[in-house]
Amino acid sequence: MSVDLVNQIITGLLTGLVYSLLALGLSVIFGVVRVVNFAHGEMTALAMYGAWALSTYLDLDPLVGMPVVVVVMFAAGYLLQRGLVDSFVGKPEHMQFILMVSLAIIMVNSSLLGFGPDAHGIQVSYGFDTYEVGPLLIDKVRLLAAGASLAISLMLMAFFRLTLMGKAIRACADNLVGAKVIGLDVKRLYAVTFGIGTACVGAAGALLSMLIDVMPPTGPELTLLAFIIVIVGGLGSMTGALLGGMLIGVSEVLAGYFLMPSMKSMFSFAILILVLVLRPQGLLGAKR
Amino acid sequence: MKQRLALLALVAAFALAPLAAGPYLLSVLMLVLTMAYLGQAWNIMMGFAGQLSLGHSLYGGLGAYVAAALFVQFGIPGALGLVAAIAVAVAAGAVIGALGFRFGVKGVYFALLTIAFAEFTRVLFEHIPGLGGPGGLFLPVASRAGVDLLYLRGHPLMFYYLILAMTVGIFLLCRRLLESRLGFYWLAVREDQEAAAALGINVFRAKMWAVMLSAGLTAAGGVFFAFYYNTLFPTQAFGMDRSISIILAPIVGGLGTLFGPILGALILTPLGETITWGTEALGFNAAGLKQLFYGLALLGIVKFLPDGVWPWLRRRLGWDGDEDGSA
């Protein structure tokens, strides 16, 4: 294997970790609230615009601006669940789908109206710094984004394993009736979960804004990307989302390396079709 | 009876409209009819058989590209290309249906499968040589006069009456289908798949008929699109936006009803055009405002009238129980 190829794979793995965080948000929302968030990528695009605005107008580095974006996105997700999505819990799947699609259309076109069709990107001062590890070259920005994503993902997993609220949320997911019987405030926990999901979106969006430009079509692309990852990894499985993100990140760079960068999404969709048909529960998902 | 009269009046109004309408109004009416036609084709799959397809642009795009490529590359007439287009789209529908239904890919997962195939094909068509790639495929226009139904070339009025005939045709076809054995199978599958299977219905076959019929009819709409607009781009023909615009009219009008797609198209298109016209008249360019409105309309419908406008309107008019076969 050439050094260039190894470099590419490392790039894919690092980008994939940010994708993982994005997909984790989707997986958490579906795993608990049982609503498929088809506006996931559009929310991410809004978070990217937020990080861009903070960086452009307040001169905040996306890593510094990230907590602000995360808090805003958590609040937005909490309120969205309480005000709108909650009345759709338990409704037929296609109605939830149409609800989220309508939100997605609203978000894409609001961002088109607000920010225009042009690409918005953030250029940080250390944007061209690289670390040399032997013959390998690793981008500093990408390494920082991947490190932050991994840290947040692990914190999230710890939250669900160790804290009382995390356990309560998992109880809702495992046995809804049981959770109600022992007196858990399910509506509030659902709203918190949705907020956690959108907070992941906020973090991933702020980090992604350092790696890729955002424009209105970015939203739908990221929605599909997040879905591919989550389904490949296993819907509802957190480690599955981590694995799926890295897998898709690597497959993207390999498609670009061996064929054409413009064909990378074709590869991801081919992987999705294969997984849906051969192993619909995903690589690490439990049997449905 | 009232519904039949209302329908006849509607068709008559559309048929006589060119006498009074200018070219702009006529183009809006064509948009209405196209939206109603494609919506009805999608309605077969989702509204009747309960299979959510969010990648219907695949069939329309395949139909458009097959007929257009045959015409541009080999000079094959559009009417013959239509046959090939329908065949290709039905085959694609059969593959997706067989994969999805055989392997138990259900609900949202099935919807994602349909999106995946549409997106896969979009990128594929951007890389097929000879089809123009992302730059687009253009059909030569010799003259806009006359009527040539074999080559699908001619006056805009020819296209107007063509899409009107297609819309009426698909309405009558769906009506027949709903009264047929297959139609009842579909409704049974939609309501409860396990119960339908327990009654001895071949669920797989019923669903395959739905996806193949829907795909073929959508492809015919795609051929119409290609020969009327004469330009094709993979991002548009296979895009998510196209898929969503196909599903809007039946959902707003009333999923699974015969009148729903027509009513939805009659509501959405003029309002959307008014918004575009209004913002242009006010002198500012607000790309996305029309779609934003469509998003809000969809949200309003799914929140407040989840069954769509038609079932609600029918109750208000007291036309409930009137025979038209619409569920």
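Bear in mind these aren't lab numbers, they're just calculated from the coordinates by the rules spelled out. As the structure is a computational prediction, the values presented were derived from the model and not from experiment. For neighbour counting, all protein chains shown are included, and Cβ atoms are generated from backbone atoms with ideal geometry for every residue, glycine included.
What ranking, highest mean first, results for peptides B:74-85, B:51-62, B:104-115 when packing means the other Cβ atoms within 10 Å averaged over each residue? Before the final figure, lay out the partial values.
On the way: B:74-85: 16.9, B:51-62: 28.8, B:104-115: 21.3.
The densest-packed peptide leads the list: B:51-62, B:104-115, B:74-85.
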Only helical DSSP H runs with n ≥ 4 go in: add -39500 (n - 2.57) per run for chain B, normalise by residue count and round the 222 nm mean residue ellipticity to 500 deg cm²/dmol.
-24000 deg cm²/dmol
Over chain B: Rg over Rh, Cα atoms, Kirkwood Rh:
0.96
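Assuming R0 = 60 Å, what is the FRET efficiency of A:Ala158 and B:Ala87, from their Cβ-Cβ distance, to the nearest 0.05? Don't jump to the answer; show the numbers that get you there.
Details: r = 56 Å, r/R0 = 0.93.
It comes out at approximately 0.60.
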What FRET efficiency, computed as 1/(1 + (r/R0)^6) with R0 = 22 Å and r the Cβ-Cβ distance, is obtained for B:Ser143 and B:Tyr24, rounded to the nearest 0.05?
0.55
Calc'd 3J(HN,Hα), the range B:57-71, phi into Karplus 6.51 cos²θ - 1.76 cosθ + 1.60 (θ = phi - 60°), Hz, glycine/Pro = x, comes to 4, 3, 6, x, x, 4, x, 4, 5, 4, 5, 5, 5, 4, 6
Taking every residue in B:112-122, how many Cβ atoms of other protein chains lie within 10 Å of its Cβ, on average?
6
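Given the pairs A:Lys91/A:Lys187; A:Lys187/B:Lys290; A:Lys264/B:Lys207; B:Lys2/B:Lys207; A:Lys187/B:Lys207; A:Lys167/B:Lys106, which span a C-alpha to C-alpha distance of over 26 angstrom in this model?
Correct reply: A:Lys187/B:Lys290; A:Lys264/B:Lys207; B:Lys2/B:Lys207; A:Lys187/B:Lys207; A:Lys167/B:Lys106.
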Grab the other residues whose beta carbon is less than 15 angstrom from that of A:Asn109, score K and R as +1, D and E as -1, and report the net.
-1
Using a basic spin-label model with each label point 7 Å from the Cα along Cα→Cβ, how many nm lie between A:Lys140 and A:Val71?
2.8 nm
How far is it, in nm, from the label point at A:Val6 to the one at A:Leu113 when both lie 7 Å from their Cα along the line to the Cβ?
5.3 nm
For B:Ser243, the net charge from surrounding residues (Cβ-Cβ under 11 Å; K, R +1; D, E -1) works out to 0
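Ranking B:Phe48, A:Phe74 by Cβ neighbours within 10 Å, fewest first, what do you get? Intermediate results must be reported in sequence, preceding the final value.
Working: B:Phe48 26, A:Phe74 21.
The order, fewest Cβ neighbours first, is A:Phe74, B:Phe48.
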Counting other beta carbons within 10 Å of each residue's own, what order do A:Glu42, A:Glu221 fall into, fewest first?
A:Glu221, A:Glu42
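Starting from the Cα coordinates of the protein assembly as shown, work out the convex hull volume and express it per residue in Å³.
On the way: hull volume 105.9 nm³, N = 615.
Looking at the protein assembly as shown, the number lands at 172 Å³ per residue.
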Over the Cα atoms of the range A:3-278 the radius of gyration and the largest Cα-Cα distance (Dmax), both in Å, equal 18.4, 60
Simple spin-label estimate for A:Ala151/B:Leu313, 7 Å along Cα→Cβ, in nm, reads 5.8 nm
Inter-chain shielding of B:95-107 (mean C-beta neighbours from other protein chains, 10 Å cut-off)
2
The alpha-carbon pair-distance distribution computed for the range A:1-159, with 5 angstrom bins and whole-percent values, is 2, 8, 13, 18, 18, 15, 12, 7, 4, 2, 1, 0
Neighbourhood charge, 14 Å Cβ-Cβ cut-off, centred on B:Val168 and excluding it, Lys, Arg +1 and Asp, Glu -1
+3
